[in-house]
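Here is the structure we will look at, set down as structure tokens.
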Amino acid sequence: MKSTHSMYPCLLKVAVAVSIATGSFGAAAAGAIPEFQGASTPQTILNTDRLIVKYKDANVGSAQARVATAMTSARQAIADRAGQQLGLRMQALRSTATGAHVFKIDRKVSLKDAEALAQELMARDPSIEYAEPDRIMRKMATANDPMYAQQWHYTETTGGLRLPAAWDLSTGTGVKVAVIDTGIRPHADLSGQYVGGYDFISDATIGNDGNARDADPSDPGDWTAANECAAGEPASGSSWHGTHVAGTIAAKTNNSLGVAGVAYNAKVVPVRVLGKCGGYTSDIADAIIWASGGTVSGVPANANAAKVINMSLGGGGACGTTTQNAINSARSRGTVVIVAAGNENMNASNSNPANCSGVVTVAATNRNGARAPYSNYGTVVDVAAPGGDANGYIISTLNAGTSAPGADNYAGYQGTSMATPHVAGVAALMLARNSALTPDQIESKLKSTARAFPGTCSQCGTGIVDAAAAVASATTSTPVGPTIAETESNNTIATANAISTTGTTVNGTMSASTDSDYFVVQLPAGKTLQASMTPGLSTADYDVYIYNSAGTQLALSENGAGAVDTASVSNTTTATAARYVRVKYYSGGTGSTNGKYTLKLNW
């Protein structure tokens, strides 16, 4: 798991990292500046008309059972007074699946003013746990170039996924992959591949389908007129981005038609969150929770809970609490979340949700196995996969309509949005082979089996995902080591208990509400440390953190009461490095009877 959360402030833009070979398609967020200034300059969305506000008394019960508190007249009055300081009015709009409230501001404001409003509101109301702008995410797009008509990205030795050998072991049967994106179009090459789905867009204008949330995840098109989303922004055609992503994951194969999918016997759960001018963070967060089998008020239960979530979307700014809580919720149900690193040719620590904890962040490589020129990079990136460039695009299913839907077709796109479904598909292949894999085990195996970059790809993770090696590793048994007892005192890094054998299980105790237990592993070069903590009682909530020898936090897991917390870090250096695992009390039982937990350490 990653813990880097730095980002420049902006409305979250849904990132569809692609260029379409048959026409341009980008959509801008309302009130935003252009996403790409010139051919490939990154866009920053700087406006919003919503806040997300979480009250402390919503934290009743476990993290998975939180409900939104009632909006009282007293709380609305405080919100009114806070808004008056900036000449704004706010009205509670709806609640989210994490128990927060979405407030509607009476007009678009800069992200800076929205943050100031959030801070003013928190200063006036000590019952607020957090308040943050409801940023708008968008698709990630790059320049328009001709379509490349062959799936080199699966088969070629240099830049490909090495997929055919993986199909000898798994084709994804029985696994559901949620594509949280623009929705989907029916397509002959995806016939029978969709199951269930939902439209989470709460704004009818963004939805472009005449209503707000509903059970139809169909993509009506995200075309925009000139200046519709931002002054000076040109018109754009519909991207059909979700359909392209879905095809890479699960297009039908051996049917004498079109293209092949990575996990062609898996099923796609289409979840629509992006429309005209992007999509709100609050809608995306609800979609993450619902897609993984969680409960969202007013939305029917998901009968097709996904074990893999693909999010080829993103924007600038830090990973907000709303998004992080949703990711944590999905992970607590065993769902691995795969996200795009972004297409701004910058450090991915400035791209959200690529910089969130607990996700698998994917950079893009080209046909030569080097970093694609648009791809983000950095320490938050876990792995890379083919995303294409002008010398070879990623071909997949699409729709021929320039605005409204038209006929089935295929097109080449390029971007981290295209790299991400390659990895989501491989995760589905792994789960079909071993359904017991946890999100962190999937991430660890993807990273440890990735092959070296044949080209230059600095800070692109551990390598290019090797589908065959990753799927083969899915049945590798977890090492069984000794079981030992925690030894006090170990409340600091300096007094950490040393763990020398992989597979060690520690029987520990949270002796008091102020307790922290530290354990140190001398992690060999190239190895990934995974720490998995299980509390002894369903009412106990303890958290896991991993640090380096300087005390810098490298990873964390903060799931709710009774949930297993798992964090992992890789040693990408050439020498053994000390890594410190901390188990920290948050709430629940303490003492020799009620404070027990087990900690499993593998590398």
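So that you can scan it fast, the table gives a plain yes or no per residue for (1) hydrophobic (A, V, I, L, M, F, W, C); (2) closer than 28 Å to G298 by Cα:
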| residue | (1), (2) |
| --- | --- |
| H244 | no, no |
| G247 | no, no |
| T253 | no, no |
| S256 | no, no |
| V262 | yes, no |
| V268 | yes, yes |
| V273 | yes, yes |
| K276 | no, yes |
| D283 | no, yes |
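On the given criteria, is G279 surrounded by 24 or more Cβ atoms within 10 Å (Cβ to Cβ) and modelled with pLDDT of 95 or more?
Numbers: surrounded by 24 or more Cβ atoms within 10 Å (Cβ to Cβ): yes; modelled with pLDDT of 95 or more: yes.
Considered against the rule, which asks whether it is surrounded by 24 or more Cβ atoms within 10 Å (Cβ to Cβ) and modelled with pLDDT of 95 or more, G279 comes out as yes.
Picking from T552, T534, which residue would you name as being more than 22 Å from S329 (Cβ to Cβ) and modelled with pLDDT under 95? Working first, answer last.
Values: T534 fails: more than 22 Å from S329 (Cβ to Cβ).
Every option except T552 fails the conditions.
Given the residues T528, T501, T539, T573, which is the only one that is of a type in the set (S, T, Y), out of contact with any Lys or Arg (no Cβ under 8 Å at 6 or more places or on another chain) and under 25 Å from V360 (Cβ atoms)? Explain how you work it out, then say what you get.
Numbers: T528 fails: out of contact with any Lys or Arg (no Cβ under 8 Å at 6 or more places or on another chain); T501 fails: under 25 Å from V360 (Cβ atoms); T539 fails: under 25 Å from V360 (Cβ atoms).
Exactly one of T528, T501, T539, T573 is of a type in the set (S, T, Y), out of contact with any Lys or Arg (no Cβ under 8 Å at 6 or more places or on another chain) and under 25 Å from V360 (Cβ atoms), namely T573.
Are any of the residues in the range 579-593 closer than 17 Å to I493 by Cβ, modelled with pLDDT under 95 and either surrounded by fewer than 21 Cβ atoms within 10 Å (Cβ to Cβ) or under 26 Å from the mean Cα position of the chain (by Cα) (or both)?
No - not one qualifying residue is present in the range 579-593.
Which members of the range 471-511 meet the condition of being in contact (Cβ under 8 Å) with a residue 60 or more places away in the chain, of a type in the set (A, V, I, L, M, F, W, C) and not in a loop (DSSP other than H, G, I, E, B)?
Selection gives V471, A472, I493, I499, V506.
Does K267 count as in contact with a Ser or Thr (Cβ under 7 Å, 6 or more places away or on another chain) and in contact (Cβ under 8 Å) with a residue 60 or more places away in the chain? Reasoning before the result, please.
Working: in contact with a Ser or Thr (Cβ under 7 Å, 6 or more places away or on another chain): no; in contact (Cβ under 8 Å) with a residue 60 or more places away in the chain: yes.
For K267, the condition - in contact with a Ser or Thr (Cβ under 7 Å, 6 or more places away or on another chain) and in contact (Cβ under 8 Å) with a residue 60 or more places away in the chain - is not met.
If I ask for residues that are in contact with a His (Cβ under 9 Å, 6 or more places away or on another chain), part of a loop (DSSP other than H, G, I, E, B), of a type in the set (G, A, S) and closer than 20 Å to Y154 by Cβ, which ones from the range 356-402 would you list?
Within the range 356-402, G387, G388 qualify.
Name the one entry in A306, A246, A231, A226 that is within 21 Å of the chain's Cα centre (by Cα) and part of a loop (DSSP other than H, G, I, E, B).
Values: A246 fails: part of a loop (DSSP other than H, G, I, E, B); A231 fails: within 21 Å of the chain's Cα centre (by Cα); A226 fails: within 21 Å of the chain's Cα centre (by Cα).
After ruling out the rest, the residue left standing is A306.
To keep it simple, each residue is scored yes or no on (1) more than 21 Å from I484 (Cα to Cα); (2) part of a loop (DSSP other than H, G, I, E, B).
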residue	(1), (2)
S513	yes, yes
F519	no, no
L529	no, no
Y545	no, no
Y586	yes, no
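Of all residues in the range 553-569, how many are crowded, with 21+ Cβ neighbours inside 10 Å, over 16 Å from the mean Cα position of the chain (by Cα) and closer than 13 Å to V380 by Cβ?
Qualifying residue count, the range 553-569: 1.
Determine if the range 427-440 includes at least one residue that is free of Cβ contacts under 8 Å to residues at least 24 places away in the same chain and assigned to a loop (DSSP other than H, G, I, E, B). Before the answer, list the steps.
Applying the first criterion (free of Cβ contacts under 8 Å to residues at least 24 places away in the same chain) to the range 427-440 yields 436.
Among the residues that remain, those that are also assigned to a loop (DSSP other than H, G, I, E, B) are: 436.
Looking through the range 427-440, at least one residue is free of Cβ contacts under 8 Å to residues at least 24 places away in the same chain and assigned to a loop (DSSP other than H, G, I, E, B).
The values are calculated or read from the model by the stated rules, or taken from the named source; none is laboratory data. Fair warning: this is a prediction, and the values are worked out from it, not measured in the lab. A quick note on method: Cβ atoms are made from the backbone with ideal geometry, for glycine too, and the neighbour counts reach across all protein chains shown.
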